[in-house]
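So the structure is just underneath, and the comments pick up after that.
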Amino acid sequence: MALRSNAGEGEDGAVNSNARGREESLCIAMETKGAGFMKMWGYKDRFGVIGNGARRAGQNGKTVLVTGATSGIGLAMAREFASRGCHLVLSASRERPLRKVAARLEREFPFSVIAVICQNLAEDGGGIGLYEKVSDRNITVDVLVNNAGFGLVGEEISLSLVRERDMIGVNIAAVTELTHLFLRDMCQRGEGKILNVASVGAFQPGPYTGAYYATKAYVANYSRALRVEAKKYGVQVSVLCPGTTRTAFFDKAGSAVPIWAMSARKVAKAAFRGLEKNREMIVPGAGNKLLRLLPQRVKLQGVAMLKR
Ligand SMILES: NC(=O)c1ccc[n+]([C@@H]2O[C@H](COP(=O)([O-])OP(=O)(O)OC[C@H]3O[C@@H](n4cnc5c(N)ncnc54)[C@H](OP(=O)(O)O)[C@@H]3O)[C@@H](O)[C@H]2O)c1
C-alpha cells in the first residue's frame, strides 16, 4: 500500500489554491492496491476485522472521517479509532504533514488508513468540497469527526479580518456543510455518528477571543439541536468540549500553552468513551466539568485576564 499523488489522475489531481498562502495542496488519495492483497493479510470487509487483528473492541471496522487529522486532538482521535480497528479517512489542508501522519498511522496500525484527502476548509464551500471528494471515492462514512478548527487571540480591533473570516469558514461554515451532508446520508441509512469538536469556550463569551468562543458556541448549540432531530433516524450527534489542551493550537493562535493543559491523548480517550456511551456533550477532565458551573461573570473576567 503506497501513498501516491493523484496529480494527473482525474479531478482529484487538481491543484487547490490555499487561501492562507500555504504550500499548494495536491489532493491525494491513498488507496488499497486491491482487495486480494488485503484479504491475504486478514482484511475481510468494511465491517470485518482488518490488519493485525490485535485491535480492541468498539467501532471495529467502521469508517471514520477525521478532519484536522494532522496534529493535536485530531491526530489523537485518529489514533484512538485506528487502535479500535476502524478504517480512517484523514483530512487537513496541508498535504505534506497529512502524508507524514498517514504513513505514521499505517506503520502503527497496518491497513487503517483508506484515504487521505487534502481540503482547505476555509475556502467557500470547503466542506462541500470535502464531502464530494469522499463521495467520489465511494466511501461510506460511519463516523464523522468534525475536528478541524483554529482560534484567534487578541483585541478584536487588532485582529485580521481575513483570518477571522477564515476561522468562521473552518469552525462554522465547513462544520455545517459537512454535518448537513453526512447527516443526510446517515439518516437515509438509519445509522451513523457525528462528533463535532467545540470547546469549553462554548459556555461563555470570551473577551480577547470573542469570535473564536462564539464559533464554538455555535458548534455546541447546533450539534445539540441536531442530536434531537437525528435521534429518530438512529443517528447519534455528540459534541466534544475540550478545555485547554496541549497542541499546536496555541502557537497558531499566538499565545503560550498554559501549564494546566491536558494531553490530546487524554482528550481523545474521553471523546471516544463519550461517543461509545452516546453522550450529548463530552467534557474531558473534572476541572473542565467544574469550570462549567462557575457564574458567567466570574468566567468572563477569568478569560479576559488570561487572554489579554
Ligand atoms: N487545543 C485546545 O486547547 C483546544 C481546546 C478546545 C477546543 N479545541 C478545538 O480542537 C480542535 C483541534 O484543535 P487542536 O488543538 O488539535 O489544534 P491543532 O493541533 O492546531 O490542529 C488543528 C487541525 O485543524 C486543521 N485545520 C486548520 N485549519 C484548517 C483549514 N483551513 N482547512 C482544513 N483543516 C484545517 C489543521 O490542519 P492543517 O494545518 O493542515 O490545516 C490541523 O490538523 C479545533 O476545532 C479547536 O478549536 C482545541
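The values are calculated or read from the model by the stated rules, or taken from the named source; none is laboratory data. Note that the coordinates shown come from a computational prediction; the quantities given were computed from them, not determined experimentally. Cβ atoms come from the backbone with ideal geometry, glycine included; neighbour counts cover every protein chain shown.
Here region 283-298 is the region considered, the condition is being in contact (Cβ under 8 Å) with a residue 60 or more places away in the chain and either assigned to a loop (DSSP other than H, G, I, E, B) or in contact with a Gly (Cβ under 9 Å, 6 or more places away or on another chain) (or both), and the residue that is surrounded by the most Cβ atoms within 10 Å (Cβ to Cβ) is Val283.
On inspection, Lys44 fails the criterion of being modelled with pLDDT of 50 or more and away from the ligand (no atom under 15 Å from the Cβ). Scanning region 233-253 for residues that are among the β-branched types (Val, Ile, Thr) and more than 6 Å from the ligand (Cβ to nearest atom) yields Val235, Val237, Val239.
Listed here are the residues, each with its yes/no results for (1) within 17 Å of the chain's Cα centre (by Cα); (2) within 16 Å of the ligand (Cβ to nearest atom).
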{"residue": "Tyr131", "(1), (2)": "yes, yes"}
{"residue": "Asp142", "(1), (2)": "yes, no"}
{"residue": "Glu156", "(1), (2)": "no, no"}
{"residue": "Val175", "(1), (2)": "yes, yes"}
{"residue": "Leu178", "(1), (2)": "yes, yes"}
{"residue": "Cys187", "(1), (2)": "no, no"}
{"residue": "Val197", "(1), (2)": "yes, yes"}
{"residue": "Val200", "(1), (2)": "yes, yes"}
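Taking the criterion of being out of contact with any Pro (no Cβ under 9 Å at 6 or more places or on another chain) and either of a type in the set (Asp, Glu) or over 30 Å from Ala230 (Cβ atoms) (or both), the residues of region 272-304 that qualify are Glu276, Glu280, Gly287, Leu294, Pro295, Arg297, Val298, Gly302.
So that you can scan it fast, the table gives a plain yes or no per residue for (1) surrounded by fewer than 24 Cβ atoms within 10 Å (Cβ to Cβ); (2) in a loop (DSSP other than H, G, I, E, B); (3) in contact (Cβ under 8 Å) with a residue 24 or more places away in the chain:
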position	(1), (2), (3)
Arg79	yes, no, yes
Pro97	yes, no, yes
Arg104	yes, no, no
Ile117	no, no, yes
Asn120	yes, yes, yes
Ile128	yes, no, yes
Thr140	yes, yes, yes
Ile157	yes, no, no
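Exposed (fewer than 13 other Cβ atoms within 10 Å of the Cβ) and either closer than 30 Å to Asn60 by Cα or not aliphatic (A, V, I, L, M) (or both), is that true of Pro258? In short, yes. Scanning region 215-232 for residues that are among the aliphatic types (A, V, I, L, M), within 13 Å of the ligand (Cβ to nearest atom) and crowded, with 19+ Cβ neighbours inside 10 Å gives Val219, Ala220.
If the condition is being within 19 Å of Thr247 (Cα to Cα) and either of a type in the set (S, T, N, Q) or assigned to a helix (DSSP H, G or I) (or both), then region 257-282 contributes Ser263, Ala264, Arg265, Lys266, Val267, Ala268, Lys269, Ala270, Ala271, Phe272.
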